[in-house]
Amino acid sequence: MKIVLAPDSFKGSLSSEQVCAAIELGLRRVLPHAEIVHRPMADGGEGTLDAVAAASAGARRKQALVRNAAGHSAEAGYALVRHGIYEAAVIEVAQVVGITDASNMAVSVGARSSYGVGELLRVLIDEGIRHFFVGLGGTCTNDGGAGLLAALGVKFVSSTRKAIEPTPDGLATLISVDVTALDSRVSECTITLLSDVNNPLCGAMGATAIFGPQKGVAASDVSRVDAVIENYATRLEAALQRSARDKPGAGAAGGLGYALQLIGAKFASGAETVAELIALKDACAGADWLITGEGRSDVQTLLGKTPFAAAQIARKHGAKTLQATILSGGVDPAALVKLNDVFNGGCFSLVPGPIALDQAVIRGAEFLSNTAEQLARLKVNG
């Protein structure tokens with residue numbers, strides 16, 4: 001029997017590779033001789049770098065010294081992978097401006113900048129890289145990508161004709177934008193953005209209104225900060241003679257999706273792109289069983305999330321009798337009918353019974369192994 005394990009991470013509990021290891025441990029108790037292939041997955045958010053570095057053949061994980069969101073020097077990880085005939089860089093912006101990094105969160109959201117993300121791009125461009133996959137997700141910044149653009153040469157000027165910091169606080173005094181020094185090499189780059197966020201930059205569904213509060217924007221400040229970002233976008237687009245503020249995904253990662261689209265980046269399905277980078281199609285060739293999963297599965301899973309993408313690929317390239325099983329931290333009972341249309345091998349939660357969330361997180365690997373063992377017993381005896 002050939003089994004492919006292609007789960008997403010269980011946020012706050014286990015990385016996707018740790019999920020694979022726990023599932024294999026349980027399966028081996030019953031199927032000691034099975035061929036078990038690990039293909040840890042992600043959808044462009046946190047964990048994307050780990051998944052690609054673990055499962056992409058020949059991937060090289062490296063680090064660069066850049067500024068974090070608070071302006072302090074920090075090591076940011078990235079990976080270099082082969083993509084066709086090119087060498088490409090895989091960047092996870094949360095490595096630079098992650099919301100779970102206490103150092104980033106030590107300053108107010110008005111003082112945070114995405115400058116380090118632009119620095120990382122520039123470092124890689126200096127090294128000759130021209131192909132990028134950028135995972136957007138888990139960020140603490142809300143600067144509309146001004147920091148990134150500043151690192152690439154864009155200058156933001158106040159009414160007193162002085163350069164200002166590319167932060168929400170700094171942009172409050174913005175009067176003009178100078179793009180003449182924007183790194184011309186950016187136009188040589190192919191940048192693919194990975195995110196499931198479709199929000200525009202500004203307005204009721206924009207970056208500040210929807211995601212700002214979780215980053216520290218006070219409810220009473222949302223409209224003011226949104227107006228600052230709107231003014232920034234107006235002046236920036238006038239200088240560049242192009243527009244992106246209303247494009248789907250402009251509001252991703254506090255507006256990094258906006259700034260990157262302005263310089264030519266395009267969005268792609270995060271899960272499908274990661275699947276391509278880790279050669280999931282090849283891994284599924286002739287497979288009998290796919291096991292995938294995520295922290296919680298519901299109807300949103302069927303909108304292109306990691307388990308759905310994995311199941312579609314496995315069904316196309318696996319054995320004709322392949323079964324796709326989802327093993328997640330939780331499964332919404334109301335979604336079972338629709339989930340079963342895709343996951344013909346069943347939908348299972350790893351939790352054995354009522355349990356406190358913190359205990360479920362701590363004992364996640366144990367529960368995964370035990371449930372995987374029981375699934376294997378069903379497989380063997382069914």
So ARG245 passes all but one of these: (1) part of a helix (DSSP H, G or I); (2) in contact with an Asp or Glu (Cβ under 8 Å, 6 or more places away or on another chain). Which condition number does it fail? (1)
Going through segment 226-248 in order, the residues found to be within 25 Å of the chain's Cα centre (by Cα) and not acidic (Asp, Glu) are ILE229, ALA233, SER243, ALA244, ARG245, LYS247, PRO248
Of the residues in segment 122-145, those that are touching a residue at least 40 places away in the same chain (Cβ under 8 Å) and not in a loop (DSSP other than H, G, I, E, B) number 10
Between a residue in segment 301-317 that is surrounded by fewer than 23 Cβ atoms within 10 Å (Cβ to Cβ) and any residue that is of a type in the set (Ser, Thr, Tyr), which pairs come within a Cβ distance under 7 Å, given they are 6 or more apart or on different chains? GLY304/SER269
Would you mind telling me which numbered condition in (1) within 19 Å of LEU136 (Cβ to Cβ); (2) touching a Lys or Arg at 6+ places or on another chain (Cβ under 9 Å); (3) not assigned by TED's automatic domain parsing to the domain that holds CYS189 GLU35 fails? (1)
Which condition number in (1) touching a residue at least 40 places away in the same chain (Cβ under 8 Å); (2) touching a strand residue (DSSP E or B) at 6+ places or on another chain (Cβ under 6 Å) is the one that MET41 fails? (2)
Just the residues that are touching a helix residue (DSSP H, G or I) at 6+ places or on another chain (Cβ under 8 Å), over 23 Å from VAL179 (Cα atoms) and outside any helix (DSSP H, G or I), please, taken from segment 199-242. ASN199, GLY203, GLY206, GLY216, VAL217
Could you list all residues from segment 236-268 that are on the phi > 0 side of the Ramachandran plot and surrounded by fewer than 24 Cβ atoms within 10 Å (Cβ to Cβ)? GLN241, GLY264
Which residues, counting only those in segment 218-247, are more than 15 Å from PHE156 (Cβ to Cβ) and of a type in the set (Val, Ile, Thr)? VAL222, VAL225
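The values are calculated or read from the model by the stated rules, or taken from the named source; none is laboratory data. As the structure is a prediction and not an experimental result, all values here were calculated from the model. Cβ: placed from backbone, ideal geometry, glycine included. Neighbour counts: every protein chain shown.
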